[in-house]
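In what follows, a single structure is set out as structure tokens and then discussed.
The values are calculated or read from the model by the stated rules, or taken from the named source; none is laboratory data. Quantities reported herein were computed from a predicted structural model and do not represent experimental measurements. Backbone-built Cβ (ideal geometry, glycine too); neighbour counts: all protein chains shown.
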Amino acid sequence: MLRRYDRAMPPTLISAEELNAKLPGPLVAQVTSRQVFIAAHVPGAVHVEPRELVRGQPPAPGRLPSIEQLTSLFRRIGYTPEREVVMLDDEGGGWAGRMAWTLDVIGHRHWRYLDGGLHAWHGAGLPLATDHAEPTPSAVDIRIDSTPIAEAQDILDQLDDPELLIWDCRSAEEYRGEKVAAARGGHIPGAVNVDWLDLMDPRRHLRLVENVADVLAKRGIDAKRDVVAHCQTHHRSGFAYMAARLLGFPRIRAYHGSWAEWGNRMDTPVAIGDEP
């Protein structure tokens, strides 16, 4: 049985209005391009480039960066373990979710997601900044907690285990093998497909849909099993992982190699079509 997350400090959503009232308390990490950050960011936020959260090496560029890279990132943004971290992005939660997963990987559980990110902040009529001061660096040392990490071998070892549930959050076309972005298309046998976009509400500034637990449960994804989320490069599945954590899933991991690794290997089984 996988180690469960500590329920004493569950991550939570935070609204734009709630975050605004808390400023300048938490460490606010905006995970967007440099251009977007310069043009508009939450006042006092630190900037994290999406590329800083991934290894960037083919054939699986989305794998976790080295501990040296992570240490450099978290020191640069002034991270300290005792401080609450709030993250946001400009796309509805993909890169914010990747940041959430990374925080869990370094053992930091005290995080919150700005529901809807930059879109929700702007939609609430709150001020956006265009100038900022560089954060004061910290001297933090980073350690890796493997609890949130799934590897290809973990999945291969558990493929016949009814406790394992693979959540493929790519598009239906990718899942069926009609849209191919690796040597092979298709999906991991037994995987359930729920597109990450199905969990965002465009009518509410890309906030999580209000019935997110029901949407997942209707597709067979619930907190009772060992859930492993993946996409192509563990970007979209950052959002899926974060949604599961916010729902209190006690055994949720992300396969950071994702389809870029699985689909480019020749020793991994692949299924085609609509059926798991």
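Quick notes
- Checking each residue in the range 22-55 for being over 22 Å from Thr71 (Cβ atoms) and surrounded by fewer than 19 Cβ atoms within 10 Å (Cβ to Cβ) picks out Lys22, Leu23, Pro24, Gly25, Ser33, Gln35, Val36, Ile38, Ala39, Ala40, Pro43, Gly44.
- Residue in the range 228-243 that is among the charged types (D, E, K, R), under 10 Å from the mean Cα position of the chain (by Cα) and either closer than 26 Å to Ile106 by Cα or not in a loop (DSSP other than H, G, I, E, B) (or both) present: yes
- The range 72-126, residues that are under 13 Å from the mean Cα position of the chain (by Cα), surrounded by 22 or more Cβ atoms within 10 Å (Cβ to Cβ) and in a loop (DSSP other than H, G, I, E, B): Asp89, Gly92, Gly93
- Selection status of Ala229, farther than 20 Å from Pro11 by Cβ, in contact (Cβ under 8 Å) with a residue 40 or more places away in the chain, assigned by TED's automatic domain parsing to the domain that holds Asp154 and not charged (D, E, K, R): no
- Yes/no for Pro65 being under 17 Å from the mean Cα position of the chain (by Cα), assigned to a loop (DSSP other than H, G, I, E, B), within 24 Å of Ala260 (Cβ to Cβ) and not charged (D, E, K, R): yes
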